[in-house]
Amino acid sequence: MANILRGNDLRALGFPEGRAIGLALAQLQRKHLKKLSQTDQLALLGQLVANPTDFLTHLDWSHTAAALLPPPNRHISLMERKDYTVFGAEHIEPGAIHQMETAMKLPVTVAGALMPDAHHGYGLPIGGVLATDNAVIPYAVGVDIGCRMALSVFDLPPKYLTQRTQELRSLLLENTRFGSGRGFERGQRMDHAVLDRPEFQEIPFLKNKLDKAAEQVGTSGSGNHFVEFGIVEITDVANELGMPVGQYLGVLSHSGSRGLGAGIAERYTKLAKDVCQLPGEAQHLAWLGLDTEAGQEYWAAMTLAGDYASACHEQIHRRLARALGEKPLAKVENHHNFAWKERLADGREVITHRKGATPAGAGVLGIIPGSMTAPGFIVRGRGVAESLASASHGAGRLMSRTRAKAELGEGQVRKYLADHGIELIGGGLDEAPMAYKDIRTVMASQRELVDVLGSFTPKIVRMDGA
């Protein structure tokens, strides 16, 4: 039986300080290797440290061999900025422009566009669209993965809103949940097939996320997320919804993938930053190659989070339709904060990131909301190549959250809402309508990107807060 080798024995062979020594000593404890004489063990380890590349596929020694090799150069330089199109540039703050300019310098960047509602974010600006070559950037997708708009249109007249304001207010309170960590109590939860998805078991990181996901499905986050009753007006006779021109009661919701998406974003951004070390100004744009295990794992987790966000909206609308005793005549749903495999006009396959941007491919329907006191619009995309088949995802912020809280008063905001006939449940100064750009100005900056089929005007709004 061989004597047990120590770390100093390996150092004498030329093993460097670090992980390789521990891995080698642990490997020597395997039954078939412990049978070797000390001389044979030392000879084997001598070959390993002299030629680690020869052992990279060895069943016993591949991990030790990898630890002996020098780490790859993960420091990546930016390149000359590629051209991109800006829509409504005169309404976009310099910080968002600077972030987009940085994104266009990434080695993996192929094309980009900036939407008229753009404002400063983390990594890619909100309203940024970025096409990359075989790479996915977690922070170009965003923290709230798959965040989306969903609209249900009911065969009820607009006067229903004024005649039954308090009843509809109660329906929102009873059938929605808002805020960080909030979920439905166990006896009130609705099941959904997304909770049975194999990714929850196959991706190690997601194994302990299922219980919280089950608790939060059908709920909404904080910030600018909302569920609201309002007036839908169909104005285009040739609309794809098959609805006559006129006014209807509608439910519009805005929310995303809750704690599930946030956890995924945090986990894989850290991984990306570890393997892709960019200059300081670009560090939040670290990417994962789709030909890597981590990249494939993120893609699967991102897809799951997007489907989970859709499930949340499905349950919100199902609860409210049931409470109303009505079936919707039509539904429209679109998402942002996501990445898609698409082809550019020249045929190249790319990964298109839309962070706070609405997919606007030819014939694709979507909703672009305004603020609490301004209408949103039901749109049909035109598939414009210069925008990477995208449009804005809303009006966009005019004030940061900090500035809105500092400059706006509670009484001022309440009067503004009352003057516009808005019943608000919850909400905060940072979400006041005055903190947002004029949606009509934003829409005027993207006339060539979408056709307007109709509008949605909020009347009874629920957000996070008391």
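Points to keep in mind about this one:
- All of Thr64, Thr57 fail the test of being assigned to a helix (DSSP H, G or I) and either over 26 Å from Ala272 (Cβ atoms) or at pLDDT below 95 (or both), apart from Thr64.
- Residues that are within 28 Å of the chain's Cα centre (by Cα) and either under 22 Å from His353 (Cβ atoms) or open to solvent by less than 40 Å² (accessible area, probe 1.4 Å) (or both) do not occur anywhere in the stretch 43-51.
- Residues that are among the acidic types (Asp, Glu) and over 13 Å from Arg380 (Cα atoms), drawn from the stretch 226-241: Glu228, Glu233
- When the stretch 395-430 is limited to residues that are assigned to a helix (DSSP H, G or I) and polar (S, T, N, Q), the one that is farthest from Ala357 (Cα to Cα) turns out to be Gln412.
- On inspection, Ala262 does not qualify as in a helix (DSSP H, G or I), more than 30 Å from Val452 (Cα to Cα) and touching a Lys or Arg at 6+ places or on another chain (Cβ under 9 Å).
So that you can scan it fast, the table gives a plain yes or no per residue for (1) open to solvent by less than 50 Å² (accessible area, probe 1.4 Å); (2) touching a Lys or Arg at 6+ places or on another chain (Cβ under 9 Å):
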{"position": "Val153", "(1), (2)": "yes, yes"}
{"position": "Glu167", "(1), (2)": "no, no"}
{"position": "Phe178", "(1), (2)": "yes, yes"}
{"position": "Asp191", "(1), (2)": "no, no"}
{"position": "Glu199", "(1), (2)": "yes, no"}
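- Residue count for the stretch 107-123 satisfying the condition of being of a type outside the set (Asp, Glu), at pLDDT 95 or above and in contact with a helix residue (DSSP H, G or I) (Cβ under 6 Å, 6 or more places away or on another chain): 4.
- Subset of the stretch 442-465 that is under 19 Å from Ser400 (Cα atoms) and either among the hydrophobic types (A, V, I, L, M, F, W, C) or touching a helix residue (DSSP H, G or I) at 6+ places or on another chain (Cβ under 8 Å) (or both) - its residue that is surrounded by the fewest Cβ atoms within 10 Å (Cβ to Cβ): Met463
- Taking the stretch 228-252 as the range and being crowded, with 23+ Cβ neighbours inside 10 Å and either over 14 Å from Ala330 (Cβ atoms) or of a type in the set (S, T, N, Q) (or both) as the test, the residues that pass are Glu228, Phe229, Gly230.
- Pairs are defined by a Cβ separation below 8 Å, a sequence spacing of at least 6 or placement on different chains, a first member in the stretch 94-109 that is open to solvent by 10 Å² or more (accessible area, probe 1.4 Å), and a second member that is part of a helix (DSSP H, G or I); the pairs so defined are Ile97/Ala89; Lys105/Ala282.
The values are calculated or read from the model by the stated rules, or taken from the named source; none is laboratory data. Keep in mind that what you see is a predicted model, and the values were worked out from it rather than measured. Counting neighbours? That spans all protein chains shown, and the Cβs are built from the backbone with ideal geometry, glycine included. The protein model used for the area step is the full one, side chains on, heavy atoms only, and it has no ligands, DNA or RNA in it. Shrake-Rupley method; radii C 1.70, N 1.55, O 1.52, S 1.80 Å.
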